[in-house]
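One structure is given here, and the rest of the page talks about it.
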Amino acid sequence: MSLATSVPRAARHSSIWSTRAAPALAGPRLRILHEQARLKSTQPAYEGHIPLNTFEAGFLAVGSALMSLANPRRGDMVAALGDVTSGPVLPRLRDAMLESPEGRRILKGRPRVNSSTVDMNKLALLPEGTFGRAYVTWLERCGVTPDTREPVHYVDDPELAYVLLRYRECHDFYHCICNLPVNVESELALKFFEFANLGLPMAGFAAAFGHLRLTSAKRQRLFSEFVPWAVKCGSSAKSLITVHWEERWNQNVDELKRELGIWDPPEARWSRPLSEAKAATEKRQKAAEAQLTGQS
């Protein structure tokens, strides 16, 4: 008698039924689990979050890269490219912040940098030579405000999204501490510095292709003078993502630079004299002092 015929007919029927019925029963469960996973992946994880699938992220990366090259002033496209290409680097930056007491305070408090959170008049009251005073003077000299940074939309993890946002909102601090204006060649020099210091792909992309828009003379100076400074200084300096700049307002700016391992680049081309910027800061200081006197 064969093994097959030795098995009772009922048992064989039961076995066949169970193997055929199991997928039928599992099907609805799998569909429910799949639908739950799909809904979870398409629901925003934080305010402003726009979840993307792999195809959408790839399409956005290519499109935003082309638009950024065609028009670097498209801040939304530059930011989108940064969002979709920074994924592999952000966990490392977050880990660097977690290893630093200062960085842990940043992640815990999640401070923001804009004109609503930073009192410029108060910073103007600080003594000459402090980082806070230097920052206000830099803003005056460059004619910019801290309100021009695009939000993060396409990073799925909320904490990693904040790390990228923190980098963006602190970008002007890097300009200030490195004594660089906001023209194209200085911006590219800072991108080389940021890529060496932080490793963000967007900074590398800008450094690799942004110089194509420069004249030959400016390109030659960028690579002969600024890039060597940026690579050497950026790679040896403390990771700037770990610096709690808001705790450093009162610190002497030269002392801060020594602590971070930063030294000045070659002299950059500024559109406004330092004396005019200092005069504007002093005017802001006097207005703040008058306001305090009126309140007392």
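No value in this document is a laboratory result; all are computed from the given coordinates. Predicted model only: the values in this text are computed from it and were never measured. Positions of Cβ are backbone-derived with ideal geometry, glycine not excepted, and every protein chain shown enters the neighbour counts.
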Mind ordering 195-202, 211-218 by average Cβ neighbours within 10 Å, highest first?
195-202, 211-218
By average Cβ neighbour count within 10 Å, what is the ranking of 126-137, 65-76 from highest down?
126-137, 65-76
Please give me the summed charge of the neighbours of Trp270: other residues whose Cβ is under 14 Å from its Cβ, Lys and Arg +1, Asp and Glu -1.
-2
How large is the dipole of region 154-296 about the Cα centre if only Lys and Arg carry +1 and Asp and Glu carry -1, each at its Cβ, rounded to the nearest 20 debye?
560 debye
Among Gly199, Leu214, Ala230, whose Cα sits farthest toward the positive end of the charge dipole of region 188-234 (+1 at Cβ of Lys/Arg, -1 at Cβ of Asp/Glu, about the Cα centre)?
Leu214
Scaled radius of gyration (Cα, divided by 2.2 N^0.38 Å) that region 64-108 gives:
1.55
Largest-first principal axis extents, alpha carbons of the chain, Å:
105, 57, 32
R0 = 30 Å: FRET efficiency of Arg269 with Arg74, Cβ-based, nearest 0.05?
0.80
Rounded to the nearest 20 debye, what is the charge dipole size of the chain about its Cα centre when +1 sits on each Lys and Arg Cβ and -1 on each Asp and Glu Cβ?
1000 debye
Zone residues, region 119-135, relative to Glu102, backbone N less than 15 Å from point 7 Å out along Cα-to-Cβ
131-132
Restricting attention to region 189-296, which GluC sites (Glu not before Pro) occupy a DSSP loop and are surrounded by at most 12 other Cβ atoms within 10 Å?
Glu267
Residues whose built amide H sits under 5 Å from the amide H of Thr130, excluding neighbours closer than 5 in sequence, are Val253
Would you compute the Debye intensity of region 197-296 from its alpha-carbon atoms alone, equal scatterers and no solvent, and pass along log10 I(q)/I(0) at q = 0.11, 0.15, 0.22, 0.24 Å⁻¹ to two decimals?
-0.56, -0.91, -1.25, -1.28
